[in-house]
Amino acid sequence: MTARVLVAGIGNVFLGDDGFGVEVVHRLSDVELPRWVRVVDYGVRGMHLAYDLAATGYELTIMVDATARGDEAGTVYVVELDTAPSARRPSLDAHGMQPDVVLDLVGLLGGEPRRVLLVGCEPAVLDHRMGLSPAVERAVGTAVRAVADLVADHASEGDRHVPRHTG
């Protein structure tokens, strides 16, 4: 069966809490997900993620990343990203992982991302060290459950929209 959902772990494990997305996708390996879900640790490989999105046409992409929004460290949130092409010129930094830059690269590569959600976590520490801060480490389980819930919601939405054929 072809993957319908991509869960993309994003981040640099050498920059403290920036490794949040990578840790979440590693923990998802212990969670039973449908066969049509592909879970990938992209780390800092923005061009690779953009290429996969352009080439595959996933119904839903869930990016998991540490993203500063000014909330308390460890706050987990889900945000639907705007997939419309931006007016700015896309950056060609193969290691750049800002979601808007990745989505612009998808368009540059000839793809059209469908629905894209960000499961984000407010970081506490983004410096040159390995390991998550205590607040962000505690948030990993919350994010794993959020991703699993989003996949389940997508499955039930798909069931409602797929016509049933008999005999």
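Laboratory data are not the source of any read-out in this text; all were calculated from the coordinates shown. Since the structure is predicted, the reported quantities are computational estimates derived from the model, not experimental observations. Note: ideal-geometry Cβ built from the backbone for every residue, glycine included; neighbour counts use all protein chains shown.
The convex hull defined by the C-alpha atoms of the stretch 5-161 has an orientation-averaged projected area of 9.1 nm².
Equivalent ellipsoid of the stretch 1-87: semi-axes from √(5λ) of the C-alpha gyration tensor, largest first, are 21, 17, 13 Å.
Between the exposed loop cleavage positions of the chain, defined as trypsin sites (Lys or Arg not before Pro) in a non-H, G, I, E, B DSSP state with at most 14 neighbouring beta-carbon atoms within 10 angstrom, the longest gap is 115-163. Using the alpha-carbon atoms, what tilt in degrees (0 to 90, nearest 10) does helix 46-56 show relative to the longest principal axis of the chain? On a 0 to 90 degree scale, this one is about 10.
Can you pull out the GluC sites (Glu not before Pro) in the stretch 1-63 that DSSP calls coil and that have at most 10 other Cβ atoms within 10 Å? Sites meeting the loop and neighbour criteria: E32. With a simple spin-label model that places each label point 7 Å from the Cα along the Cα-to-Cβ direction, the separation between E72 and H26 comes to 2.7 nm. For G120, neighbours were defined as the other residues whose beta-carbon sits under 9 Å from its Cβ, and their charges (Lys and Arg +1, Asp and Glu -1) total -1.
For the options M130, M47, M63, a Gaussian network treatment of the chain with springs between C-alpha atoms closer than 10 Å singles out M130 as fluctuating the most.
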